[in-house]
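The values are calculated or read from the model by the stated rules, or taken from the named source; none is laboratory data. Just so we're clear, the structure is a prediction, and the values are computed from it rather than from any experiment. Because the Cβ atoms are built from the backbone with ideal geometry, glycine has one as well, and the counts that use them run over all protein chains shown. Ligands, DNA and RNA are excluded from the accessible area calculation, which covers all protein heavy atoms including side chains. Shrake-Rupley method; radii C 1.70, N 1.55, O 1.52, S 1.80 Å.
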Amino acid sequence: MQLEPRKPAVVRDQVLPLKSDADVVQARQAVRRAAEELKFNLVEQTKIVTAASELARNTLLHGRGGTMKVEFVADLSRRGLRLTFEDRGPGIADISRALQDGFSTADGLGLGLPGARRLMSEFDIQSKLGEGTRVTVVRWKP
Amino acid sequence: MDRIPILRMGECLLVTIQVDMHDQLALALQDDLTSAITKQRTRAVLIDISALVMVDSFIGRMLANISAMSKILDAETVVVGMQPAVAITLVELGLQLPGVRTALNVDQGMKLLRRALRAT
């Protein structure tokens, strides 16, 4: 199989619901197991799980629930973990503002999106008003 | 609903967080601790987070809130046992927990609390 460097191949995936507080905990634990399996070191595991926790909470609180997809991805030279958080909530009106530290609409610290972005290697956000939001993050294994 | 136990040890309230907390559990702990400080007239709180493998902005905020609330109620809170990987992640996340007293372990934390109590 030919692998393009821009489009990593998905080796395996799993989709989990994010409908409650308990689902957020389950999602964190699933991400921890995946990061362990990919042999990320402890600091990297902690960063990935923390980012997942922030994004899962966002999906629950701002997106009124949704799903998290966990994927083992690989391209020619490296392996990584990709997480996709998807909801059909109200969408984000001003994405660049939502990515700023300290901007919060749900009485939080406003660290969820910008913090998760700092903790991961790649970060992408797509959002449409009235349709929902999809956040995709990847952490590559060094 | 589950609750995180709050133990009394001499003049001190002791909390050891040993489960992966969901948000409501963290909020419940915040409420329980605040009322325990008032009811039991405690002036010192020690929170052991050595078993926590992750502290995100929500749990971080809970720790900061407990510290701030206890201060207003004339009590000192110290958070002990944070794992190095958790500390590294917290700072990168953007959370530096200003106003939260920390110590390396329970022993150091108790020393810090005793000193703070003697000073007042």
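Under a Cβ-only charge scheme (Lys and Arg +1, Asp and Glu -1), can you give me the dipole magnitude of chain A about the Cα centre, in debye to the nearest 20?
Value, rounded to 20: 320 debye.
Could you state the principal axis extents of the C-alpha atoms in chain A, from the largest down, to the nearest angstrom?
That gives 43, 28, 26 Å along the principal axes, largest extent first.
How high is the relative contact order of chain A, in percent, counting Cα pairs under 8 Å that sit 6 or more residues apart?
After rounding, I find 25 percent.
Among B:Gly94, A:Leu16, A:Leu55, whose Cα projects farthest towards the positive end of the dipole of the protein assembly as shown, with charges put on the beta-carbon of Lys, Arg (+1) and Asp, Glu (-1)?
Most positive-ward Cα: B:Gly94.
Just the projected area, averaged over all directions, of the convex hull on the alpha carbon atoms of the protein assembly as shown: how many nm²?
Working: hull surface 59.0 nm².
Dividing the Cα hull surface by four gives the mean projection, 14.8 nm².
First compute the accessible area of chain B with a 1.4 Å probe, then give the percent of it belonging to carbon and sulfur atoms.
For chain B, the apolar C and S fraction of the accessible surface comes to 54 percent.
What whole-number value in Å² describes the accessible area per residue of segment A:9-140 for a 1.4 Å probe?
On the way: 6150 Å² over 132 residues.
Per-residue value: 47 Å².
Using Cα atoms only, what is the angle between the long axis of helix A:21-37 and the major principal axis of chain A, expressed in degrees (0 to 90) to the nearest 10?
So the inclination is approximately 20 degrees.
For A:Lys47, list the lysines whose Cα falls under 16 Å from its own Cα; do not include residues on the same chain fewer than 8 positions away.
Qualifying lysines at Cα under 16 Å: A:Lys39, A:Lys141.
Determine the per residue accessible area of chain B with all protein chains present and a 1.4 angstrom probe, expressed in square angstrom.
Per-residue value: 50 Å².
If we count trypsin sites (Lys or Arg not before Pro) as exposed when they sit in a DSSP loop and have at most 15 other beta carbons within 10 Å, what is the longest stretch of chain B that avoids them all? Present the calculation step by step, with values, prior to reporting the outcome.
Values: sites that count: B:Arg3, B:Arg41.
That gives B:42-120 as the longest site-free run.
Report the relative contact order of chain B, percent, no decimals, based on alpha-carbon pairs under 8 angstrom and at least 6 residues apart. Walk me through the numbers before you get to the answer.
Values: 177 pairs, mean separation 29.2, N = 120.
Relative contact order of chain B: 24 percent.
Equivalent-ellipsoid semi-axes (√(5λ), Cα gyration tensor) for chain B, whole Å, largest first?
21, 17, 13
Solvent-accessible area of B:Val91, probe 1.4 Å, all protein chains present, reported in Å² to the nearest ten, please.
Counting only protein heavy atoms, B:Val91 exposes about 90 Å² to solvent.
Report which residues of segment B:34-58 become buried by 10 Å² or more of accessible surface when going from the isolated chain to the complete set of protein chains (1.4 Å probe; DNA, RNA and ligands ignored).
Residues of segment B:34-58 that lose at least 10 Å² of accessible area once the other chains are added: B:Val53, B:Met54, B:Asp56, B:Ser57, B:Phe58.
Report the accessible surface area buried between chains A and B, summing both sides, using a 1.4 Å probe on protein heavy atoms only, in Å² rounded to the nearest 100.
Summing both sides, the interface buries roughly 1900 Å².
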